[in-house]
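Engineer: Here it is: the structure, laid out below.
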Protein chains: 2
Amino acid sequence: MNIMETTTQGRAGAVDMTHGGGGRAMVELIRNVFQRHLSNAILDAGNDGALIDVPRGRLVMSTDGHVVSPLFFPGGDIGCLAVHGTLNDVAMMGARPLYLTAGFIIEEGFALADLERIVASMARAAREAGVAIVTGDTKVVEKGKGDGVFITTTGLGVVAEGVEVGGDRARPEQVILLSGTIGDHGIAILSKRESLEFETEIISDTAALHGLVADMIEVAPSLSVLRDPTRGGLAATLNEIAHQSHVGMRLEESAIPLRADVKAACELLGLDPLYVANEGKLIAICNEDDAERLLAVMRAHPLGRDAARIGVVTADVNNLVQMRTGFGGTRLVDWLAGEQLPRIC
Amino acid sequence: MNIMETTTQGRAGAVDMTHGGGGRAMVELIRNVFQRHLSNAILDAGNDGALIDVPRGRLVMSTDGHVVSPLFFPGGDIGCLAVHGTLNDVAMMGARPLYLTAGFIIEEGFALADLERIVASMARAAREAGVAIVTGDTKVVEKGKGDGVFITTTGLGVVAEGVEVGGDRARPEQVILLSGTIGDHGIAILSKRESLEFETEIISDTAALHGLVADMIEVAPSLSVLRDPTRGGLAATLNEIAHQSHVGMRLEESAIPLRADVKAACELLGLDPLYVANEGKLIAICNEDDAERLLAVMRAHPLGRDAARIGVVTADVNNLVQMRTGFGGTRLVDWLAGEQLPRIC
């Protein structure tokens with residue numbers, strides 16, 4: 001639903017400045033929308049912070065702002081995306097996510113019904129992922145100073161003994177695995193934004209990956225790097241890792257999973273799927289010895305069905321990511337320099 | 001500086017959509033602005049999450065979005081406010097803050113120089129408070145879809161053994177203390193917004209209160225409630241506590257510290273100082289036995305110089321906050337029902 005339409009429902013059905021004022025209207029919004037859907041003992045205590053219990057171990061904290069446009073898209077909405085996105089960042093550190101916080105910045109005039117739909121979606125995503133949203137904050141900005149709703153979530157998780165993953169741990173001759181098809185999220189958003197119609201609807205892959213990660217960690221002690229290729233797609237994420245680890249990479253284009261309809265949409269839109277965002281995929285880097293076992297575990301999980309070995313880590317002082325193309329040539333997979341797909345997450 | 005002015009500096013001096021795209025421009029922004037000012041070993045690791053060490057104990061997590069307008073105001077800016085605001089929420093749970101995360105939502109065209117000034121201010125505030133900003137996130141939205149910059153911070157802290165504070169712990173006959181003058185922050189913001197000139201400049205009280213809290217906890221084991229009266233001011237915060245604890249309150253108007261210039265400004269603007277926001281003040285509720293000792297400790301701290309005993313907790317099934325006025329009458333200090341001062345924090 002478009003923001004401009006919602007205001008015609010009048011003040012009663014829309015967020016107004018009083019909802020951010022710290023007075024009775026805000027208390028009622030918190031009770032009727034946030035607490036009603038997100039209820040848990042910690043949140044319901046109603047303090048400005050959450051008192052939490054955490055098992056012993058190293059902790060991981062991660063934060064992510066969500067500004068996706070449109071707010072509702074095939075396969076999800078900003079609510080579940082804000083849960084999945086931050087849970088995944090926690091999981092990519094090898095951690096088991098425990099708690100989330102959520103900060104909302106809402107534009108005056110935003111329909112309360114849409115806000116409630118989004119909060120319900122967050123609640124569902126958190127419940128399915130087995131985490132609690134333990135505290136939050138709501139601000140309201142004047143019409144024209146925001147864009148519907150922005151949601152910043154922060155996650156806290158715990159890393160099991162012995163797990164050591166990080167973007168700086170890739171080593172030459174290690175193997176690069178990818179959990180599934182690329183570009184689904186970005187194309188789902190774009191198809192909605194541009195009102196494109198494809199033969200089959202392309203839906204976002206937005207999903208919480210920590211269950212898959214837990215299975216992987218159990219069988220592959222050599223797992224060195226985990227990362228989800230979100231903004232900037234597979235290309236940006238592999239370049240980040242190459243720089244952090246001071247290595248190069250060599251990919252096989254033909255090995256990278258890509259849905260036929262996403263490929264066709266990319267061709268139509270003039271996009272390179274390597275740069276298109278994903279919200280439910282991960283890259284894993286491990287020793288050759290562990291690769292097949294890891295792939296088998298990934299393929300046994302619903303979110304890793306299409307997992308594939310897509311390349312190897314190389315020794316390269318220039319930290320280049322190269323790819324052998326379908327035609328047998330080699331191309332450089334660089335960072336994207338200019339603008340590509342804004343507001344994708 | 002006004003957003004409209006900054007764009008005349010041209011693209012080179014302003015944030016553009018590529019800074020949020022996940023590509024090279026974003027990496028450079030993170031390196032040149034965020035890492036340069038906020039540098040610490042955890043942040044510099046450059047992963048999507050922060051691996052942190054936490055001493056054993058109960059933890060507190062709190063999150064707060066900051067949308068203050070204008071971004072720069074007498075006594076502070078959105079940067080230090082975003083640090084203080086969340087540190088204080090953590091401290092009000094009786095916790096010692098350890099780590100912060102920061103999520104930025106930046107409007108296209110925002111001056112890089114202003115962004116840098118804000119990040120430098122955050123860095124200074126965090127350093128002074130002894131906490132590290134360990135991970136962050138940057139999103140850019142199109143011009144007209146944001147308002148300069150919004151910053152959502154999340155804090156993590158640890159609660160010492162034996163400390164039990166919470167908004168639901170006030171009991172009849174306990175004493176209500178306030179750490180200093182009310183309304184300074186709100187009036188500082190408003191004076192800038194309305195271009196009001198007072199004889200003396202009224203500056204925001206924005207400050208990190210956890211040092212004061214640590215001193216207080218040490219001497220007063222009966223400390224039951226701590227809360228900072230931000231949005232909605234003293235009135236909203238006391239009503240919140242009254243509802244959480246199922247008690248009433250009786251205040252003495254003449255005992256509530258209020259600067260003469262803030263009082264004059266409130267009269268001029270038609271505002272009740274009880275509803276005006278503070279960003280460096282706290283309310284404490286404790287047993288009568290501890291009150292004088294606690295007040296002495298508060299007054300010995302630079303942020304509690306003007307601390308005062310402002311009232312008592314009462315048994316009241318209606319959870320009313322009442323106040324004996326300067327004229328000897330009694331008035332109800334209710335929640336604010338309507339809109340008052342938007343975008344104050």
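The values are calculated or read from the model by the stated rules, or taken from the named source; none is laboratory data. Given the structure is predicted, the values throughout are model-derived calculations rather than measurements. Positions of Cβ are generated from backbone atoms using ideal geometry, with glycine treated the same way; all protein chains shown enter the neighbour counts. Calculation scope for accessible area: heavy atoms of the full protein, side chains included, ligands and nucleic acids excluded. Shrake-Rupley method; radii C 1.70, N 1.55, O 1.52, S 1.80 Å.
Engineer: Only one of (1) in a helix (DSSP H, G or I); (2) surrounded by 23 or more Cβ atoms within 10 Å (Cβ to Cβ) fails for A:Val140. Which number is that?
Structural biologist: Single failed check for A:Val140: (1).
Engineer: Within region A:184-198, is there a residue that is part of a helix (DSSP H, G or I), open to solvent by 20 Å² or more (accessible area, probe 1.4 Å) and at pLDDT 95 or above?
Structural biologist: So far as region A:184-198 goes, no, none of its residues is part of a helix (DSSP H, G or I), open to solvent by 20 Å² or more (accessible area, probe 1.4 Å) and at pLDDT 95 or above.
Engineer: Can I ask one more? Here are some conditions: (1) open to solvent by 20 Å² or more (accessible area, probe 1.4 Å); (2) among the charged types (D, E, K, R); (3) within 16 Å of the chain's Cα centre (by Cα). A:Arg117 meets all but one. Which one does it not meet?
Structural biologist: (3) is the only condition that A:Arg117 fails.
Engineer: Now for a different question. Picking from A:Arg127, A:Arg117, which residue would you name as being farther than 26 Å from B:Thr138 by Cβ, in a helix (DSSP H, G or I) and touching a Gly at 6+ places or on another chain (Cβ under 8 Å)?
Structural biologist: When all the criteria are applied, what remains is A:Arg117.
Engineer: Okay, next question. Could you run through region A:38-95 and say how many residues are open to solvent by 20 Å² or more (accessible area, probe 1.4 Å), closer than 21 Å to A:Leu282 by Cβ and at the interface with chain B (Cβ under 7 Å from one of its Cβ atoms)?
Structural biologist: Result for region A:38-95: 2.
Engineer: Also, I was wondering about something else. Restricting attention to strands (runs of 3 or more DSSP E) lying wholly within region A:235-345, give those where 1 or more residues are crowded, with 20+ Cβ neighbours inside 10 Å. Even if it seems obvious, please write down each step before you answer.
Structural biologist: Numbers: elements: A:248-252, A:283-286, A:308-314, A:321-324, A:330-332.
Filter on region A:235-345 gives A:248-252, A:283-286, A:308-314, A:321-324.
Engineer: Let me ask something else. Of all residues in region B:1-26, how many are assigned to a helix (DSSP H, G or I) and at pLDDT 85 or above?
Structural biologist: Count: 7.
Engineer: Follow-up. Give A:Val225, A:Val219 a once-over and let me know the one that is in contact (Cβ under 8 Å) with a residue 40 or more places away in the chain and more than 10 Å from chain B (Cβ to nearest Cβ). Talk me through it step by step, then tell me what you get.
Structural biologist: Values: A:Val225 fails: more than 10 Å from chain B (Cβ to nearest Cβ).
Result of the check over A:Val225, A:Val219: A:Val219.
Engineer: Being open to solvent by 10 Å² or more (accessible area, probe 1.4 Å) and without any contact (Cβ under 8 Å) to a residue 12 or more places away in the chain is the requirement here; does B:Arg127 meet it? Full working, then the answer.
Structural biologist: Values: open to solvent by 10 Å² or more (accessible area, probe 1.4 Å): yes; without any contact (Cβ under 8 Å) to a residue 12 or more places away in the chain: yes.
Yes, satisfied.
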